[in-house]
Amino acid sequence: MTDSSEHEAKLTQTLERLHAADDLDTLEAIRVEALGKQGWLNALMKTLGKMSPEERQTEGPRLQGMRARVADAIEDRKAVLEAAALEAKLATEILDLTLPAPQAPQGSVHPVSQVMDEIAEIFADLGFAVATGPEIEDEWHNFSALNMAETHPARAEHDTFYFHDRDADDHRMLLRTHTSPVQIRTMKGLSANKGEPVRIIAPGRVYRSDSDATHTPMFHQVEGLAIDRDIHLGHLKWTLETFFKALFERDDIVLRLRPSYFPFTEPSVEFDVGYSNEGGRRVVGGHGDAEGHDWMELGGSGMVNRRVLEHAGYDPDEWQGFAFGLGIDRLAMLKYGMNDLRAFFDGDGRWLSHYGFSPFDQPTLSGGVGARA
Ligand code: DAH
């Protein structure tokens, strides 16, 4: 039985070392030495397989007992060392309650949302309310009611995202291609009651099957509509000019109306603003025909076509008005000097923290619509 006394000696030595271990690393090293894959106690356990059944009956419990004592000793020592480590930490760690709280990451307002808010703020001052409509539209509101013929190219499959389903009136459903259907929905909502003057803007998302450096399949527009008994093109021009002056925060905005064609307006005009190039950046302001200047198209507009008024339940012999539509993303790029449209919709947090706005920075007309805290 020299074997077993050798084992006892090894066991005693291991237990003594465990007891003396004064950090968790040492403890772990001793554990691996004894119970690890190559450990001496583990090697002994393996010899059980080669023993006769009688031998195994006495050796098995003996070796198991040794293993249990080592395992217990490790657990005990570990508990002592961990408790001591916690004690030491508590004794040295100081919690300074006067320190400022760590900064939580703060979100920001997307520039498009910011510009939409600014637009709504300016138009609110001019007496326009914000109207909304669904992004999933039917072809009657999106096209037919706006006097767009069945053969109008904008209705083509390759420009418009259509759904397979049709609505209860058997109209095809689609992602709205512009904010103009909100004109129809707003007027119908009012005319169903009594018919009354309208002054609304409708900002929102629109969709077209288009994608390159200057076009994204989803983009933002704002629609404007003013209906009354005596509205004329002069009101349109003044309204747009006043709006752009407020948005770009400069008085030298010059607006040019150019004859154009839209099915939903008659007459129709496109509007341009004068701008100049400063250090590779387009800066709005000045007369487009002046030295170093040019014109930039910003949107379409006109006097609402009488067929549109009829479709929306307004008597065109009593009511008339102007409508306009313009792209918001373009305005945001111009106002804040951004040059790639696609970055707007990449969702890159770094871009947002560079261009985004503090959520606590509310646009106000008195503080400047683009004021930053
Ligand atoms: N809906 C037009 C578009 O998406 C823009 C537009 C032009 C809107 C003229 C209007 C308007 O209200 O009168 O291209």
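The values are calculated or read from the model by the stated rules, or taken from the named source; none is laboratory data. Keep in mind that what you see is a predicted model, and the values were worked out from it rather than measured. Note: ideal-geometry Cβ built from the backbone for every residue, glycine included; neighbour counts use all protein chains shown. What goes into the accessible areas is simple: the full protein's heavy atoms, side chains included, and nothing from ligands, DNA or RNA. Shrake-Rupley method; radii C 1.70, N 1.55, O 1.52, S 1.80 Å.
What's the extension gain from residue 229 to residue 251 if we count 0.36 nm per residue and subtract their Cα-Cα distance?
Numbers: separation 22, 0.36 × 22 = 7.92 nm, distance 3.02 nm.
Working it through step by step, the gained length comes to 4.9 nm.
Quick one: helix 24-35 against the long Cα principal axis of the chain, what's the angle to the nearest 10°, folded into 0 to 90? On a 0 to 90 degree scale, this one is about 60. Per-residue ellipticity at 222 nm, computed for the chain from helices alone with -39500 (n - 2.57) per DSSP H run of at least four residues, works out to -12500 deg cm²/dmol.
Once you have the Cα-Cα distance between residue 8 and residue 124, take 0.36 nm times their residue separation minus that, and quote the gain in nm to one decimal. Before the final figure, lay out the partial values.
Working: separation 116, 0.36 × 116 = 41.76 nm, distance 9.17 nm.
32.6 nm is the gain from fully extending residue 8 to residue 124.
May I ask you to give the solvent-accessible area per residue for the stretch 33-75, in square angstrom, as obtained with a 1.4 angstrom probe? Roughly 63 Å² per residue, with all protein chains present.
Just order 61-68, 296-303 by mean Cβ neighbour count inside 10 Å, highest at the front, would you?
On the way: 61-68: 14.2, 296-303: 20.0.
Top of the packing list down: 296-303, 61-68.
Projected onto their three principal axes, the Cα atoms of the stretch 1-134 cover extents of 105, 45, 19 Å, largest first.
Along its first, second and third principal axes, ordered by size, the stretch 1-77 spans 41, 22, 18 Å in Cα coordinates.
Taking the Cα atoms only, what angle lies between the long axis of helix 233-248 and the longest principal axis of the chain, rounded to 10 degrees? That works out to roughly 30 degrees. Given a 1.4 angstrom probe, I'd like the percentage of the accessible area of the chain that is carbon and sulfur, rounded to a whole number. Within the chain, the accessible surface is 52 percent carbon and sulfur.
Against the chain, whose longest principal axis comes from its Cα atoms, helix 111-125 is set at around 40 degrees.
Mean separation of Cα pairs under 8 Å and 6+ residues apart, divided by the residue count of the stretch 247-360: what relative contact order is that in percent?
On the way: 177 pairs, mean separation 21.9, N = 114.
Taking the mean separation of contacting Cα pairs over the length of the stretch 247-360, I get 19 percent.
Using a cutoff of 8 angstrom between alpha carbon atoms and counting only pairs six or more residues apart, the relative contact order for the chain works out to 16 percent.
With a Förster radius of 45 Å, plug the Cβ-Cβ distance of residue 56 and residue 87 into 1/(1 + (r/R0)^6) and report the FRET value to the nearest 0.05. Write out the running numbers ahead of the final one.
Numbers: r = 46 Å, r/R0 = 1.02.
That gives a FRET efficiency of 0.50.
Can you pull a Stokes-Einstein diffusion coefficient for the chain at 25 °C (0.890 mPa s), Rh from Kirkwood over Cα pairs, as a whole number of µm²/s? Present the calculation step by step, with values, prior to reporting the outcome.
Working: Rh = 27.1 Å.
Translational diffusion coefficient: 91 µm²/s.
A simple spin-label model places the labels of residue 136 and residue 24 5.4 nm from each other, with each point 7 Å out along Cα-to-Cβ. Among 40, 351, 295, the residue with the largest mean-square fluctuation in a Gaussian network model of the chain, with springs joining Cα atoms closer than 10 Å, is 40. Seen through its C-alpha gyration tensor, with square-root eigenvalues sorted a ≥ b ≥ c, the stretch 226-327 comes out prolate because a/c lies at 1.5 or above while a/b is bigger than b/c.
When only Cα pairs below 8 angstrom with a gap of at least 6 residues are kept, the stretch 104-203 shows a relative contact order of 37 percent.
DSSP beta bridges confined to the chain are antiparallel in about 95 percent of cases. Any lysines with Cα under 17 Å of the residue 237 Cα? List them, leaving off those in the same chain fewer than 8 positions away. Residue 237 reaches 245. Among 276-282, 41-47, sorting by the average number of other beta carbon atoms lying within 10 angstrom of each residue, highest first, gives 41-47, 276-282.
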